[in-house]
Amino acid sequence: MPRKTIVIVGGGFAGVACGRRLRSRLNPEEARIILFGEENYMVFQPLLAEVAGRSILPEAAATPLRVALPGVECRREKVVDVFLAENRLVYETFEGVKRSLVYDHIVIACGSSVNLTAVPGMADHALPFRTVADAVRLRSQISQQLEQAAVEENPARRKFFLTFAVIGGGFSGVEVAGEINDLLNDVEKWYPTIHPEESRVILIHSRDQLLQEVSPSLREFTRRKMEQNGVEIVLEKRVKLVTAEGVTLSDGTHYPAATVVGTVGTAPHPFVERMAAPKEKGRLKTSPDMRLEGSTNAWAIGDCALILNAYDNQPAPPTGQLAEREGKQCAENIVRLLRGQPTKPFYFKPLGMLCAIGGHNAVAEMMGFKLSGFFTWWVWRTVYLMKLPSFSR
């Protein structure tokens with residue numbers, strides 16, 4: 001079999017899982033595997049909140065792609081276009097020169113982008129929360145506000161510096177609000193001029209319950225535990241405006257806050273928007289085996305793809321758990337195709353969901369069981385740390 005060139009666009013859960021499986025199944029004489037990533041590391045997003053809350057070091061949530069993908073060519077040039085009919089990818093070098101690369105198979109796994117225009121003012125005055133740099137920036141922001149509050153003599157201004165508003169009650173919003181609250185509780189003892197009642201963490205969500213992905217009983221447990229820990233929960237209210245002075249809700253309520261964190265708003269990746277391929281709601285439409293509709297050698301996985309899960313005949317949700325399995329099964333289908341075997345539809349029964357909510361508490365639904373409390377947090381931390389690529393992490 002002539003040596004094939006397989007290109008993966010994207011260094012997230014899906015792309016890394018696909019690259020690792022391909023390299024384990026195909027030797028270097030059979031295939032040249034190239035991965036283009038926007039960063040030279042893989043972001044382990046479930047741990048970003050703990051980076052912001054100083055529970056773990058930033059390095060633990062970012063694995064270098066070359067460490068995670070031995071034997072795979074990892075490149076940081078920017079992919080600007082794919083011409084599917086020509087089996088040709090166009091990328092931009094570090095010097096700004098556009099070059100082409102001909103491939104035998106291409107896997108699109110570039111995820112989605114942050115849409116900071118979802119709320120007026122959010123792009124200018126809110127901190128995004130998607131990358132390691134975002135988590136480090138938030139951690140620095142929390143320290144800065146504590147320092148300012150410690151020497152501020154005006155009580156109103158001191159409360160302003162110590163108020164943190166988080167927009168969005170999904171997994172990211174809940175986890176980061178809980179971590180900020182834990183961090184404030186842990187460090188305020190070192191600031192004798194700050195009284196504990198002056199700090200405030202507000203979690204704002206437009207739905208009637210947090211964490212729509214889990215069962216109603218766990219949603220209620222999440223709300224109750226977070227409120228017991230001191231987080232203010234505002235439900236069924238949309239943020240109308242974000243300014244340098246805080247957030248204003250749709251009913252006119254204004255919360256003065258020096259720090260606003262935006263965890264809502266996603267958009268299709270610009271690269272995907274430019275692709276001449278079938279899409280639905282900004283996601284690439286795929287056949288059951290994860291090939292792009294109408295293509296024989298182009299595949300799409302992860303958040304950028306609309307994949308039907310044969311387990312329940314529903315679109316696979318854009319979660320890390322599903323993205324990882326899509327990457328592995330996509331790689332297996334490519335290997336089957338190269339060896340003249342039929343491909344298989346994507347099939348995966350989700351193992352469950354885990355979410356840390358602060359105060360060494362977590363909620364989970366795993367293999368039919370509903371769990372909550374400290375033991376669940378221990379399971380959450382253990383599971384995610386064990387998933388980090390490479391033993392060094």
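The values are calculated or read from the model by the stated rules, or taken from the named source; none is laboratory data. Here the structure is a predicted model, which means the values were calculated and not measured. In this analysis, Cβ positions are derived from the backbone assuming ideal geometry, glycine residues included, and neighbour counts consider all displayed protein chains. The accessibility values were calculated without ligands, DNA or RNA, using every heavy atom of the protein model including side chains. Shrake-Rupley method; radii C 1.70, N 1.55, O 1.52, S 1.80 Å.
Details
- Projected over every direction and averaged, the convex hull enclosing the alpha-carbon atoms of the stretch 37-142 yields 9.2 nm².
- Summarising the amide proton neighbourhood of Val261: residues at separation of 5 or more, or on other chains, whose placed amide H is nearer than 5 Å comprise Leu127, Ala165, Val166, Ile167.
- Label selected from (1) 40, 22, 20; (2) 43, 33, 24; (3) 29, 24, 21, the criterion being semi-axes √(5λ) of the Cα gyration tensor in Å as computed here: (1)
- Computed over the alpha-carbon atoms, the stretch 321-388 gives an Rg to Rh ratio of 1.18, Rh here being the Kirkwood radius from the mean inverse distance.
- Taken as Cα centroids, the stretch 50-73 and the stretch 296-370 sit 22 Å apart, rounded to the nearest whole angstrom.
- Pairwise alpha-carbon distances in the stretch 1-56 exceed 13 Å for 65% of all pairs.
- Per residue, the chain exposes an accessible area of 46 Å² to a 1.4 Å probe, with every protein chain left in place.
- Tilt relative to the chain, helix 216-228 - C-alpha long axis, 0 to 90 degrees, to 10: 40
- A convex hull fitted to the Cα coordinates of the stretch 298-347 yields 65 cubic angstrom per residue.
- Of all lysines in the structure, those lying under 19 Å Cα to Cα from Lys285, and not within fewer than 8 positions of it along the same chain, are Lys328, Lys344.
- Size descriptor for the stretch 253-384, Kirkwood hydrodynamic radius: 17.3 Å (Cα pairs only, one decimal).
- With a cut-off of 12 Å on the backbone N, the residues of the stretch 192-224 near the modelled label site 7 Å out from Lys370 along Cα-Cβ are 214-222.
- P(r) of the stretch 177-266 over all Cα-Cα pairs, binned every 10 Å from zero, in whole percent: 14, 43, 34, 9, 0
- Phi-based couplings in Hz for the stretch 304-318 (Karplus 6.51, -1.76, 1.60; Gly and Pro marked x): 7, 10, 9, 10, 7, 7, 5, 5, 10, 6, 10, x, 5, x, x
- With one equal scatterer per alpha carbon and no solvent term, the Debye-computed log10 I(q)/I(0) for the stretch 57-115 at 0.29 1/Å reads -1.21.
- The average projected area of the stretch 32-78, computed from the convex hull of its Cα atoms over all directions, is 3.5 nm².
- Cα Rg, Dmax (largest Cα-Cα span) when computed across the stretch 18-98, Å: 15.9, 48
- Computed lengthening from Glu86 to Ser143, 0.36 nm per intervening residue step minus Cα-Cα distance: 15.3 nm
- Per-residue ellipticity at 222 nm computed for the chain from its helices equals -9500 deg cm²/dmol, with DSSP H segments shorter than 4 residues left out and the rest contributing -39,500 (n - 2.57).
- Amide N proximity, the stretch 312-326 versus Glu293 label position 7 Å along Cα-to-Cβ, cut-off under 20 Å: 312-318
- Cα centre as origin, Lys/Arg/Asp/Glu Cβ charges: the chain dipole, Debye: 1260
- If the chain linking Val383 and Asn115 were pulled fully straight, counting 0.36 nm for each residue of separation and taking away their Cα-Cα distance, it would gain 93.5 nm.
- When Rg and the Kirkwood radius Rh are both evaluated on Cα atoms of the stretch 116-246, their ratio Rg/Rh stands at 0.96.
- Between helix 374-387 and the chain: long-axis angle, C-alpha atoms, 0 to 90°, nearest 10: 30
- Share of Cα-Cα pairs in the stretch 258-322 lying beyond 17 Å, as whole percent: 45
- Against the chain, whose longest principal axis is taken from its Cα atoms, helix 171-187 shows a tilt of about 40°.
- Computed from the C-beta positions of Arg339 and Val136, the FRET efficiency with R₀ = 45 Å rounds to 0.50.
- Whole-Hz Karplus values for the stretch 38-54 come out as 5, 10, 8, 9, 9, 8, 9, 4, x, 9, 4, 4, 6, 5, 4, x, 6 Hz, taken residue by residue from phi with 6.51 cos²θ - 1.76 cosθ + 1.60 and θ = phi - 60°; glycine and proline positions read x.
- Each label point was placed 7 Å from the Cα along the Cα-to-Cβ direction; for Thr93 and Tyr311 their separation is 4.5 nm.
- The stretch 135-196 shape via C-alpha gyration tensor axes, a/c threshold 1.5: prolate
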